Structure formats: structure tokens, C-alpha cells
Amino acid sequence: MSADITPRLGLPWLMPAQAQKHVTVNESLGRLDALLGAAVISRSTVAQPSDPAEGDAYLLPLSPTGSAWSHYSPHDLTYFQDGAWFRVPPRTGLRVYVADESALVIWDGAAWTGWSTLISALANLTELGVGTAPDAANPFAAKLNAALWTARYAGEGGSGDLRFVLNKEGPADTLSLLFQTGWSGRAEIGLTGEDDLTMKVSSDGIAWLDALSVDAATGHLALGAAQSGYRLSVDGDAFVDALRIGTNPKATKSDLSLSANAVLSSENSLSLVLAGDSDNHRFSFHVGGDSGVTGVQGAVEVASIDRDGLKLGPTTSDAPLAVQGAGSLGEFNRTGSDGDMLNFAREGVAVGSISVTGSATAYNTSSDVRLKQDFAPAGDALSIVCAIPVEAFAFKAGGARIEFGFVAQRLIEHAPEVVTQGETEDAPWQVDHGRLTPHLVRAVQQLAEIVAELKKWGANG
């Protein structure tokens, strides 16, 4: 640094016996005017303004352009004064307000850094507001639409855990989360005047109802007003029979019903009914119906379990698993890898499966060599295939006409192994078209052998 200027701000010294001292003093004052409480218009403007106002200042970005700016260095503070541009190389600690960013930046010796990034600790604040002003009643206040808290990972020097610790002085004090609508309370959860965990709700912020409590000493759960002595207890007083366990007077043979009709609207009431008699115990789930009616009158059955098995929908089938409904009746979704979705077995021996990949579904029949014996070359399949009647027909139940198809009762005469007869006289016969594949492959092989013989015969003339 030259001995003619000050070491920090670069202000020119007054020299002994110097003429026109006012020029030096005015230069220093102009420099001080730019640096004290420094504020610039922008730090991203590259082109030197063509018509700047007195006092305009900028922090220069990389590669500035213009008659004056092109001779200055990036990061310089430049200001317009007395019709000319001047520059001040930044020194560590220089603070500048950037107007177009509404941000305070500090020169750290290498770059202009946002003031907020240099703050590593705040301690003993009496009030803090984020997007709003705090007050004595709410010394910490935040007004925002989303908030994110994440654990500090082990790779960053943390443990990977995140735990909020909220503490109160004594059991009789309150530690809770209060949820409001329009500044009126609607729900509160926490330790409210005791050490038991409670949840309360309100429709007006004035009258509150106990919804749930967990006993701190036993871990017992209570719905409604607290009850003791039971791991789970339900009090219907506050909700007018919120849950009923007892004999259903609308049903027969001592059915047991659980209903929640009273706490839901008549359009959305829910009933769970366990019905039984000496012949067939049955557990069914119903939704809908009239909330004023005990049991399942007017409700729709969605599932049931009886001695036959599980039923989904209002089916009367006696199969161990039966599904009835409109549209798609289910979805199977395998995650993580390709493989079997369903496996089929008879007497514990695997006989087939349905497997999936990322793009296809395969219907598999057991063909493992370890399951087979008495191997021999296949016989004549060509004559069998040629004898199979292929017919055009339409199903009586409707649908598009089939131009090429099989009839099970006629196909069984030629390939009985591909036909499954009904287990009862009225049950329809079925055809496994896939089991015709070996016949077709063998027939093609026979045709290939015939073609080869014809070629040999033709070659020999």
C-alpha cells in the first residue's frame, strides 16, 4: 500500500505544504460517501450503464464491459461521481447492501458472500420471527407454507437420528400441540395437565371432547373418557354409543354385532357383524345403511368369512376363496424382482405357477425332468392334429363370433389330455389350449421330415 493513502480505505493523505488541499479532502469525502453504509444497485450487471445517476454504485461481475469497467477487476466496487466512474478494490470485511437482491453481502477475501451464510450460531435471543413479527406471548413465530427438518447424516458428522425434545416443568403443567382453524382450537394432543398422553377435539374451540388417552403408567389405551384397568377401553357416553359390543336384537340366534352407526352420518355408517348358527358361523363386513338401525339393515356386504372360506363381495359361492364385483376384481403386484406371483400345487406337489418380469406375464405348467419317468420318443402327432375339428361358432352368452376354435366334447376324441370335463353334469367342459403345443411341435417336426425326404427324392431325380 502506498504511503500516500490510508491502508484500509485508500483515502489520500494530506501532505505537508500541499497546495489545493481541498481537492484531496473532497476525493476522500467522495470515497467515504461510497464506502460508508455501502449500497449498490446490483452485482450481476455486466455492461457499464450509459446514463448513470450521481452516486450509482455496482459490484462488478466477471468480465465487465464498458469504457471504464473493462479496465476494472471483477468484484470491485465501482461508483459514479462527478461525471466519472471510480473503483474501490474490496478489502476483507467490507459490507455492501445489494438492492436488486435485498441482501447484505460481505467480502471474505475471495468472494462476495451472503451475510446469512456467515452466521454459525445464534444464542440468547429473546425473540425470533420468520415471515412475521414475534411478540411477548409468542417469542418465536413463523409464517410460512412448508417447513423441513432432516437429520444430520453420519457422513456429515451427525448420528442420522432426529428427535424433538419438548419438556415441561412438572406433571400438572401442559405440553401440547394445538391445532386451530381461523385461530379457533379444533384439536389438541400432548400432556395436558398430567403425564398421560391425550387427544382432544372441538368443533367450536370452546367445548372439548376427549377422543383418546394413553395411561403413562400402564400404556393402556382409552377411547373417549378415560377408563382404567383395561388395555383397551371404550367409553360411549361422550359419543353416544361410539362402539357397541353386544347382542344384536335385529339378528337371530345370538349374533354378535359391532356397530359405529351413531358417530357417522346415515350415508356413511359402518357395521361389522359376526353372525352364526349351528350350521355355519359367519363373519361379515358391511358399509352404508341407516345409522339409526342396529345391525346391517340397508348396508352393503363387502366381505365375509364362513366355514367355506373367504368371500369378497356379496357372493354365495361355496369355494374357499370367491370374489364378486363389477370391473377389475383384484391386483397382484410383485416388487423388487422378477419371479412367481402365484404357485399351484396338488397334494403338496408343485404343478404350475404364474410369474412376472418387468414387461411380461408367464403361465407355467410343471415340466421339470425330475418329475418325469419312462421317457420314449413321441409318436405320430400329424394325423391327430389333422383330425382335430376346427370350427366357427358363437357363444350363447354373447360376444364376438369365433372363426377358428375348438369344441371340448369333440376335441376329447382326438386329444383327451387337453380337455377338462366338468366336475358335475351341469358344469361346462374346458380346453387348455397350451397343452396342444407338443402336438403341434411334433406335427411340424413330422412335416419337416417329409419335406426333407421330398427334397432328397427330388435331388436324386
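Tabulated data for the structure shown
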read-out: Cut-off 12 Å (backbone N to label point 7 Å along Cα→Cβ of residue 42), residues of segment 78-102; value: 99-101
read-out: Segment 382-448: Rg to Rh, with Rh as the Kirkwood radius over Cα pairs; value: 1.02
read-out: Label-to-label distance, nm, for residues given as residue 392 and residue 404 (7 Å Cα→Cβ offset); value: 1.3
read-out: Packing-based exposure ordering (other Cβ within 10 Å, fewest first) of 195, 368; value: 368, 195
read-out: Cβ-derived FRET efficiency at R0 30 Å, residue 302 paired with residue 430, nearest 0.05; value: 0.50
read-out: Theoretical gain in end-to-end length, residue 367 to residue 51 [0.36 nm per residue, Cα-Cα removed]; value: 104.9 nm
read-out: Loop-located GluC sites (Glu not before Pro) in segment 356-446, at most 14 other Cβ atoms within 10 Å (DSSP); value: 413, 423, 425
read-out: Charge context of residue 391, other residues only, Cβ under 14 angstrom, K/R +1, D/E -1; value: 0
read-out: Where trypsin sites (Lys or Arg not before Pro) fall in DSSP loop in segment 111-204, at most 11 other Cβ within 10 Å; value: 143, 163
read-out: Potential lengthening between residue 374 and residue 440 on full extension [0.36 nm per residue; Cα-Cα distance subtracted]; value: 21.6 nm
read-out: Ranking of 119, 41 by count of other Cβ atoms within 10 Å, fewest first; value: 119, 41
read-out: Rough spin-label spacing in nm, given labels placed 7 Å along Cα→Cβ, for residue 150 and residue 183; value: 3.6
read-out: Inter-label distance for residue 214 and residue 133, nm, one decimal - labels placed 7 Å from Cα along Cα-to-Cβ; value: 4.1
read-out: Segment 37-118 - Rg over Rh from alpha carbon coordinates, Kirkwood radius; value: 0.94
read-out: Restricting segment 309-382 to trypsin sites (Lys or Arg not before Pro) in coil, as DSSP defines it, with at most 11 other Cβ within 10 Å; value: 372
read-out: Potential lengthening between residue 349 and residue 65 on full extension [0.36 nm per residue; Cα-Cα distance subtracted]; value: 93.9 nm
read-out: Efficiency of FRET between residue 417 and residue 340 - r from beta-carbon atoms, R0 25 angstrom, step 0.05; value: 0.50
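Values in this text are rule-based calculations from the coordinates and carry no lab data. Just so it is clear, the model here is predicted, and its values are computed rather than measured. Don't worry about glycine lacking a Cβ; one is built from the backbone with ideal geometry, like all the others, and counts go over all protein chains shown.
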